[in-house]
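To start, the structure itself, in structure tokens.
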Amino acid sequence: MLSGVLVVISVIPYALRTYQGKTKPNITSWTLWTLIGAALLFAITDHTFPNYILPLYMFLGTFIISVPLVRDQLRHKIPLRDWT
């Protein structure tokens, strides 16, 4: 429970620094975290709602960030080897 609260709280400074332009999101790491979050959802063996809260938060949170990053790369026709 405490680790989940810390994860949620840790988003606040990152979001503020990104909004201020001090931090630039890395498409590779956000896409990998999205895939890891999806894998965590499939790894749950005891199917109760409390077991899904943190993995679902991790997946949806990173998915919401990685989709616009990927869309921007595709819109500007940036080659895959330059997606860093």
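Laid out as a table, the results:
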| item | result |
| --- | --- |
| Viscosity 0.692 mPa s, temperature 37 °C, Stokes-Einstein D of the stretch 14-84 from Kirkwood C-alpha radius, µm²/s | 244 µm²/s |
| Qualifying trypsin sites (Lys or Arg not before Pro) for the stretch 54-84 [loop in DSSP, other Cβ within 10 Å: at most 16] | Lys77 |
| Leu41 paired with Ala15, simple spin-label distance in nm, labels 7 Å along Cα-to-beta-carbon | 2.0 nm |
| Folded to 0 to 90 degrees: helix 2-20 orientation relative to the chain principal axis, Cα | 20 degrees |
| Selection from Thr62, Thr28, Asn51 lying farthest towards where the dipole of the stretch 13-84 points positive, charges on Cβ | Thr28 |
| Relative contact order, percent, the chain [alpha-carbon distance under 8 Å, six or more residues apart] | 32 percent |
| Where labels lie 7 Å past Cα in the beta-carbon direction, separation of Val7 and Phe63 in nm | 1.4 nm |
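Every read-out reported here was derived from the displayed coordinates using simple, explicitly stated rules and does not represent laboratory data. Please read all numbers here as calculations on a predicted model, not as lab measurements. Cβ coordinates were reconstructed from backbone atoms using ideal geometry, including for glycine residues, and neighbour counts include every protein chain displayed.
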